[in-house]
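In what follows, a single structure is set out as structure tokens and then discussed.
The values are calculated or read from the model by the stated rules, or taken from the named source; none is laboratory data. Bear in mind that the values here come from a model prediction, so they are computed numbers and not experimental data. Heads up, the Cβs are rebuilt from the backbone with ideal geometry, glycines too, and the neighbour counts pull from every protein chain shown. Side chains are part of the model used for accessible areas, which takes the heavy atoms of the whole protein and leaves out ligands, DNA and RNA. Shrake-Rupley method; radii C 1.70, N 1.55, O 1.52, S 1.80 Å.
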There are 2 protein chains.
Amino acid sequence: MSEQANNPTALAEAKRASAENFTGVAFATLAVPPGNPTDCVVGNVTFEPGARNNWHSHPAGQILIVTNGAGYYQEKGQPARLLRPGDAVSIAPGVVHWHGATATTLFTHYAINPNASQGIADWDEPVTDEEYQAAHA
Amino acid sequence: MSEQANNPTALAEAKRASAENFTGVAFATLAVPPGNPTDCVVGNVTFEPGARNNWHSHPAGQILIVTNGAGYYQEKGQPARLLRPGDAVSIAPGVVHWHGATATTLFTHYAINPNASQGIADWDEPVTDEEYQAAHA
């Protein structure tokens, strides 16, 4: 059996997301780590109610696939979108956006980063409470 | 709201996988279609018990993430690996392999194809009954 078979993805460590780039409590797990031969990195992120990442963008774009709970995805200048399990979002390279749980629900999604060697994310300012509340409107 | 919000991924059509490339009954749904700005295509595939795809490879590699049931993933010349929900597999460009349900279980996984414009898959021969049974050994 290959080495991968003895390291089921379920046992990958869940790391607390940095307060530098996140408001509230969130955990990220690497489902497919950097350096793998597809150059595509896949993380799994769970946000507690009220938690969200900062405004940010991805040099090579990103795909989100929601697996649990409910949360928001918002691009700069656009209305927030409520996402549910099964929903998939394709985020174009360089588009500034944020995502996170609603104020009352958990939110889990896969985060798929193709061509990760171009860089994973460029981080910006936190989502203010006003911006966050507006998403719920 | 953007156009995407009115077309939840859950409503994407499930198409029967072609008998040209699959043995048994399988369905594929496009979660993230070709032509999106990440150039990464994401499908969701469900195999009935006994169903599997042919030997094949991907020009730009592929990532599998299992969401339901149990199935096998096997690279040419390697033992088959039993995959369970949550498992992720990174498949290098050009590596010949197959995947499918076990003889007694359903199997569902996301299939993530980065740099899809390089081509999605190069198909080969069906997995013989002998090869398939050997996976269960």
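Things worth noting here:
- Solvent-accessible area per residue for chain A (1.4 angstrom probe, square angstrom): 46
- Taking a ≥ b ≥ c as the square roots of the eigenvalues of the Cα gyration tensor, the protein assembly as shown is classed as prolate, since a/c reaches at least 1.5 and a/b is larger than b/c.
- Under a model in which nothing but the beta-carbon of Lys, Arg (+1) and Asp, Glu (-1) is charged, chain A shows a dipole of about 300 debye around its Cα centre.
- Probe 1.4 Å - accessible area at residue A:48, Å² to nearest ten: 80
- Solvent-accessible area lost on pairing B with A (1.4 Å probe, both sides summed) amounts to about 2600 Å².
- Phi angles of segment B:8-14 translate, via the Karplus equation with coefficients 6.51, -1.76, 1.60 and θ = phi - 60°, into HN-Hα couplings of x, 4, 4, 8, 4, 5, 8 Hz per residue; Gly and Pro are given as x.
- Distances between equivalent label points of residue B:122 across the copies, with each point positioned 7 Å along Cα→Cβ, amount to 3.6 nm, shortest listed first.
- In a reduced charge model with +1 at each Lys and Arg Cβ and -1 at each Asp and Glu Cβ, the protein assembly as shown shows a dipole moment near 380 debye about its Cα centre.
- Within the accessible area of chain A, the carbon and sulfur atoms contribute 52%, probe 1.4 Å, all protein chains present.
- Magnitude of the charge dipole for segment B:75-137, about its Cα centre and with charges confined to Cβ atoms of Lys, Arg (+1) and Asp, Glu (-1), is about 320 debye.
- The accessible-area loss of segment A:30-65 on complex formation, taken against its chain alone with a 1.4 Å probe, reaches 40 Å² or more at A:32, A:37, A:38, A:63, A:65.
- Cα shape, segment A:58-129, gyration tensor, a/c 1.5 rule: oblate
- The value of relative contact order for chain B, using C-alpha pairs under 8 Å at least six residues apart, is 28 percent.
- Hz values of 3J(HN,Hα) by residue in segment B:43-56 - Karplus curve (6.51, -1.76, 1.60), Gly and Pro given as x: x, 10, 10, 10, 9, 6, x, x, 7, 7, 8, 6, 4, 6
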